[in-house]
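See structure below.
The values are calculated or read from the model by the stated rules, or taken from the named source; none is laboratory data. This structure is a prediction, so every number in the text was calculated from the model and none was measured. A quick note on method: Cβ atoms are made from the backbone with ideal geometry, for glycine too, and the neighbour counts reach across all protein chains shown. Ligands, DNA and RNA are excluded from the accessible area calculation, which covers all protein heavy atoms including side chains. Shrake-Rupley method; radii C 1.70, N 1.55, O 1.52, S 1.80 Å.
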Amino acid sequence: MAERSQTAPEAGNDMGNEDAIGGNVSKYTVLPSGYCGQPKKGHLIFDACFESGNLGRVDQVSEFEYDLFIRPDTCNPRFRVWFNFTVENVKESQRVIFNIVNFSKTKSLYRDGMAPMVKSTSRPKWQRLPPKNVYYYRCPDHRKNYVMSFAFCFDREEDIYQFAYCYPYTYTRFQHYLDSLQKRNMDYFFREQLGQSVQQRQLDLLTITSPDNLREGAEQKVVFITGRVHPGETPSSFVCQGIIDFLISQHPIARVLREHLVFKIAPMLNPDGVYLGNYRCSLMGFDLNRHWLDPSPWAHPTLHGVKQLIIQMYNDPKTSLEFYIDIHAHSTMMNGFMYGNIFEDEERFQRQAIFPKLLCQNAEDFSYSSTSFNRDAVKAGTGRRFLGGLLDHTSYCYTLEVSFYSYIIGGTTAAVPYTEEAYMKLGRNVARTFLDYYRLNPLVERVAIPMPRLRPDAEPDTSGEMRPAGDTANLAYRRCSAADLINITV
């Protein structure tokens with residue numbers, strides 16, 4: 001790699017340098033030193049001024065090499081991990097080296113083979129770069145901070161290329177997804193606005209259950225699920241979507257679960273941070289998952305709204321809040337795994353291990369050996385820790401983590417990179433595990449697969465999206481055991 005000028009800005013913990021990054025680059029054209037005139041093909045144009053975008057600065061080191069600086073989270077310079085930017089005006093067969101030089105974390109899955117994501121306008125499906133083209137190392141030119149460098153060859157001049165830390169999942173995509181579900185008029189799916197963020201984005205709350213469970217005076221067993229409190233942890237949204245997609249499906253297990261449980265899901269707790277392209281913080285620079293003890297209605301309005309609802313349910317004698325699961329992504333570990341709490345009551349401590357053990361049996365990418373139970377002081381303000389102390393002995397609170405990169409199947413050593421579909425499959429398996437936990441398996445074989453009921457005021461759906469499975473599918477369900485059903489793809 002080319003030698004940098006001694007006067008070039010340096011990354012890392014130099015706060016003066018970070019202050020120079022005030023926002024995302026916007027259609028920033030990199031021209032050779034001393035060049036005058038209109039940009040030519042091959043003079044790269046960088047942009048991150050779009051939803052969930054993040055790239056704060058570009059320095060050209062040589063004709064082929066560029067130092068790229070992550071924009072810190074808004075109002076909080078400590079967090080610099082998520083990146084998401086586009087490159088255009090490329091030349092066919094143009095080869096480059098991009099160096100991400102100012103990560104705020106030293107430990108990273110890049111050490112274990114993780115690679116950035118890429119797509120282009122003519123190939124819109126995200127894919128990982130080949131690991132052989134990615135390097136993670138201490139760089140003497142950046143005060144021995146860790147740098148992630150990757151080599152890339154542009155092959156289509158008219159394409160716009162997009163690079164990201166992991167699969168993006170934007171606030172707009174999330175809203176379109178919920179809008180599409182709402183239009184299906186399912187009588188067991190309810191969407192409401194629980195509140196708004198500081199920038200007036202919606203805090204959506206979903207309720208998925210049989211209408212009979214919502215009638216006045218009915219007793220409820222509630223499973224409460226939250227996601228994206230850390231906005232850069234995009235796998236959380238794919239896992240959450242997998243949970244939702246399964247629970248609203250006509251799969252026999254989903255129907256049994258809707259009849260016996262009430263699922264409350266707040267899939268995006270930090271919509272401002274998601275929209276802005278932050279990694280960990282809200283618009284105002286708060287790590288919301290450290291403010292559960294006393295969330296402010298004006299500084300942390302989404303967290304405040306969810307906490308008030310949970311306390312309200314906890315104080316309702318007709319409601320049993322049995323599970324709280326907060327979904328995250330992990331930047332240094334493989335597989336899916338859970339964090340749980342430690343209790344003085346040994347029986348309660350043992351009982352809370354049951355759900356992760358069952359999930360480990362149902363999901364090949366979930367690791368019980370990586371699951372841990374703790375009461376670290378640094379985690380005191382998290383949802384898991386706060387609600388674990390607030391709720392009674394019948395409630396279990398977990399953080400569900402999933403790797404940004406890959407999982408290792410038991411008995412092997414090969415890492416299997418996660419895809420969007422693999423993340424959603426983990427979500428489906430989380431939902432299915434409640435069947436085993438509540439021992440509802442015998443009820444599955446009695447469930448037929450009728451046409452879904454519409455709400456009384458709804459028009460029939462002619463899209464063809466909702467239809468009963470054919471005879472072959474029914475026969476397959478009858479022949480499978482409940483355990484086998486876990487592995488049937490919806």
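Can we say Thr29 is more than 21 Å from Ser149 (Cβ to Cβ), β-branched (Val, Ile, Thr), touching a helix residue (DSSP H, G or I) at 6+ places or on another chain (Cβ under 9 Å) and open to solvent by 20 Å² or more (accessible area, probe 1.4 Å)?
no
Can Phe154 be described as free of Cβ contacts under 8 Å to residues at least 60 places away in the same chain, buried (at least 18 other Cβ atoms within 10 Å of the Cβ) and either among the hydrophobic types (A, V, I, L, M, F, W, C) or under 24 Å from Pro77 (Cβ atoms) (or both)?
No; evaluated as a whole, the condition is false for this residue.
Just to be sure I understand, how many residues within the stretch 192-227 are open to solvent by 60 Å² or more (accessible area, probe 1.4 Å) and not in a strand (DSSP E or B)?
Selection size over the stretch 192-227: 7.
Go through (1) open to solvent by less than 30 Å² (accessible area, probe 1.4 Å); (2) in a strand (DSSP E or B); (3) farther than 14 Å from Phe386 by Cβ one by one and return the number of the condition Tyr324 breaks.
So the condition that Tyr324 fails would be (3).
Could you tell me which residue of the stretch 123-151 is surrounded by the fewest Cβ atoms within 10 Å (Cβ to Cβ), considering only residues that are at pLDDT 95 or above and not in a strand (DSSP E or B)?
The residue in question is Lys132.
Could you list all residues from the stretch 102-122 that are among the aliphatic types (A, V, I, L, M), touching a residue at least 40 places away in the same chain (Cβ under 8 Å) and either in contact with a strand residue (DSSP E or B) (Cβ under 6 Å, 6 or more places away or on another chain) or open to solvent by 10 Å² or more (accessible area, probe 1.4 Å) (or both)? Please lay out each step first, then the result.
First, the residues of the stretch 102-122 that are among the aliphatic types (A, V, I, L, M): 109, 114-115, 117-118.
Restricting the remaining residues to those that are touching a residue at least 40 places away in the same chain (Cβ under 8 Å) gives 109, 114, 117-118.
Correct list: Met117, Val118.
Looking at the stretch 183-211, which of its residues are under 16 Å from Ser249 (Cβ atoms), out of contact with any helix residue (DSSP H, G or I) (no Cβ under 8 Å at 6 or more places or on another chain) and not basic (Lys, Arg)?
Of everything in the stretch 183-211, those that are under 16 Å from Ser249 (Cβ atoms), out of contact with any helix residue (DSSP H, G or I) (no Cβ under 8 Å at 6 or more places or on another chain) and not basic (Lys, Arg) turn out to be Asn185, Met186.
Identify the residue in the stretch 255-308 that is among the hydroxyl-bearing types (Ser, Thr, Tyr) and within 23 Å of His176 (Cβ to Cβ) and, among all such residues, is surrounded by the most Cβ atoms within 10 Å (Cβ to Cβ).
Ser282
Hey, does the stretch 161-169 have a residue that's of a type in the set (A, V, I, L, M), more than 23 Å from Ile243 (Cβ to Cβ), outside any loop (DSSP other than H, G, I, E, B) and under 21 Å from the mean Cα position of the chain (by Cα)?
The answer is yes, given that some residue of the stretch 161-169 is of a type in the set (A, V, I, L, M), more than 23 Å from Ile243 (Cβ to Cβ), outside any loop (DSSP other than H, G, I, E, B) and under 21 Å from the mean Cα position of the chain (by Cα).
Considering only residues that are surrounded by 24 or more Cβ atoms within 10 Å (Cβ to Cβ) and among the aromatic types (Phe, Trp, Tyr), which ones fall in the stretch 228-254?
Listed by number, the list holds a single entry, Phe238.
Could you list all residues from the stretch 265-313 that are of a type in the set (S, T, N, Q), touching an Asp or Glu at 6+ places or on another chain (Cβ under 8 Å) and more than 22 Å from Tyr396 (Cβ to Cβ)?
Those that are of a type in the set (S, T, N, Q), touching an Asp or Glu at 6+ places or on another chain (Cβ under 8 Å) and more than 22 Å from Tyr396 (Cβ to Cβ): Asn278, Ser282.
For Glu344, work out the one condition from (1) part of a loop (DSSP other than H, G, I, E, B); (2) surrounded by 14 or more Cβ atoms within 10 Å (Cβ to Cβ) it doesn't fulfil.
Only one criterion is unmet by Glu344, namely (2).
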